[in-house]
1. For A:E123, B:E2, B:E32, A:E3, give me the order by solvent-accessible area with a 1.4 Å probe, most accessible first, ignoring ligands, DNA and RNA.
2. When the Kirkwood radius is taken over all Cα pairs of the range A:89-151, what Stokes-Einstein diffusion coefficient follows at 25 °C and 0.890 mPa s, in µm²/s?
3. Which cross-chain or sequence-distant (5 or more) residues have an amide H under 5 Å from the amide H of A:I6, H modelled 1.01 Å from N in plane?
4. Restricting attention to the range A:32-88, which chymotrypsin sites (Phe, Trp or Tyr not before Pro) occupy a DSSP loop and are surrounded by at most 14 other Cβ atoms within 10 Å?
5. Hey, which of these cross-link pairs are over 29 Å Cα-Cα: A:K119/A:K149; A:K84/B:K27; A:K84/A:K119?
6. Expressed as a whole number of Å, what is the distance separating the alpha-carbon centroids of the range A:1-61 and the range B:22-41?
Amino acid sequence: MKEETIYYDNVIVRNFAFATVLWGIVGMLVGIIVALQMPFPFLNFSQYLTFGRLRPLHTNAVIFAFVGNGIFMGLYYSLQRVCKTRMFSDALSKIHFWGWQGIIVAAAITLPLGLSSGKEYAELEWPIDIAITLIWVVFGLNLMGTIAKRRVHHMYVAVWFYLSYFFCGGNPSYFQLPGNPSIGFQKLFHICRSSRCLDAMVVWTQCRGIFPDHTLSRPDVLFLA
Amino acid sequence: MEIMFILIAISLAIVIFFLIAFIWAVKDGQFEDCHTPSIKILLDDQNPYKEESVK
């Protein structure tokens, strides 16, 4: 039996770790500001920093930026070691990381400008939704490629949870697209044009919620869902 | 409401995909031994592979 040396990609884990801490600080800082703006309304001193604009920035920052990066950090670390192989593609890892940070920055810019779709936890406008979908596909390819080239036959149970996270975690974005009349999705697929009814149907059946989807990848906090 | 046709079709496709994945997992023997892996991850020494990282 030959002895092999496995070289795990720890750079991507470190990158996601830095991002987790950074966005954790930013997101919770915005949360504190928003919390203080309630008893002290004078803190709404700029049109870009009003409660209505900062609240979705806080929720998106802590959900996608903080927790999202945290989940990716844990996933990239543990998946490699549990599959006993380096990630499928370093290039995809980098695209995933920088693409995700770009999405967060785009959210941090567009939300204080007031560009919001108004849907809870899906406030980001449709171009960012498309970006999320693309980055999610990149992540899925990397994830499934790594599982495919694993050196351990038995898939440790967490790997199944990571797969479910890929299937369920990103869905608020691409399932928002049919409900948006401005990008012609409905025309393209000859879908009924009464946008609000369509949108509600899609959201209620498919957007099972970010919180449950994030927790599905964390079986130790499943009891919260 | 016509969106329901598409939604139900998508849901059915997802269900069928999961069914195929489950049948594959059973055939592949993924559920043969579920106890050993939970212990194996706690044991560092038994790895014949050396863990190193590059870059």
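The values are calculated or read from the model by the stated rules, or taken from the named source; none is laboratory data. Just so we're clear, the structure is a prediction, and the values are computed from it rather than from any experiment. All Cβ positions, glycine included, derive from the backbone under ideal geometry; neighbour counts span all protein chains shown. The protein model used for the area step is the full one, side chains on, heavy atoms only, and it has no ligands, DNA or RNA in it. Shrake-Rupley method; radii C 1.70, N 1.55, O 1.52, S 1.80 Å.
1. Working: A:E123 10, B:E2 105, B:E32 150, A:E3 125 Å².
Accessible-area ranking of A:E123, B:E2, B:E32, A:E3, largest first: B:E32, A:E3, B:E2, A:E123.
2. Numbers: Rh = 12.8 Å.
Diffusion coefficient, whole number: 192 µm²/s.
3. B:K50, B:E52
4. On the way: sites: A:F42, A:F45, A:Y48, A:F51, A:F64, A:F66, A:F72, A:Y76, A:Y77, A:F88; in loops: A:F45, A:F88.
Those satisfying the criteria are A:F45.
5. Numbers: A:K119/A:K149 39 Å; A:K84/B:K27 22 Å; A:K84/A:K119 41 Å.
Exceeds cut-off: A:K119/A:K149; A:K84/A:K119.
6. Spelled out, the Cα-based centre of one part sits 37 Å from the other.
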